[in-house]
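Just below is one structure, and these are the notes that go with it.
Read-outs: derived from the displayed coordinates by stated rules, not from any lab. Owing to the predicted nature of the structure, the values given are computational and were not obtained by experimental measurement. Cβ coordinates were reconstructed from backbone atoms using ideal geometry, including for glycine residues, and neighbour counts include every protein chain displayed.
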Amino acid sequence: MVRAAALILSLFSAPVVPETIDLGRGAPVDLASFECRDINRSTIVQRVCYSTADRALLVAVRGSYQRYCGVPAATFDALMSAPSIGIYLNRVLRIAGADGRYACRTS
């Protein structure tokens, strides 16, 4: 009983650190402004994070994140409700993200 109480107290006293991810292209991305969802119904997509304010979408595919920019909320909603997240990702986001509509431009 004492161990359980000590464990619970240690969880509450653990420091809260911001979650960041590395896209492999410079500075890490802080996920504080993103809504992230773990995906359990896909064999290739593990996690999806979306920032409404920035219209930025981060998708974890087989352990590495891919970033898409200028993604409307309706497209994020369609991704999340698609019968297959992997097929939607490949057919809609990757094609439009390669060098097109959802490609992230650096300035």
Quick one: if the Förster radius is 25 Å, what FRET efficiency do E19 and N40 give, using the C-beta to C-beta distance and rounding to 0.05? 0.85
Out of segment 34-91, which trypsin sites (Lys or Arg not before Pro) are coil in DSSP terms and have no more than 10 other C-beta atoms within 10 Å? R41, R62
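Grab the Cα-Cα distance for S84 and R55, subtract it from 0.36 nm times how many residues apart they are, and report the gain in nm with one decimal. Can you show the working numbers first?
Working: separation 29, 0.36 × 29 = 10.44 nm, distance 2.19 nm.
Full extension from S84 to R55 adds 8.3 nm.
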Along Cα→Cβ, 7 Å out, is where each label goes; now give me the distance between the ones at R47 and Y65 in nm to one decimal. 0.8
Explain nothing, just the number: dipole magnitude of segment 23-90 about its Cα centre with +1 on each Lys and Arg Cβ and -1 on each Asp and Glu Cβ, in debye rounded to the nearest 20. 220
Provide the per-residue ³J(HN,Hα) series for segment 47-60, in order, calculated from phi with Karplus coefficients 6.51, -1.76, 1.60 and θ = phi - 60°, each as a whole number of Hz, with x at glycine and proline positions. 7, 10, 10, 9, 10, 5, 5, 9, 6, 10, 10, 10, 10, 8
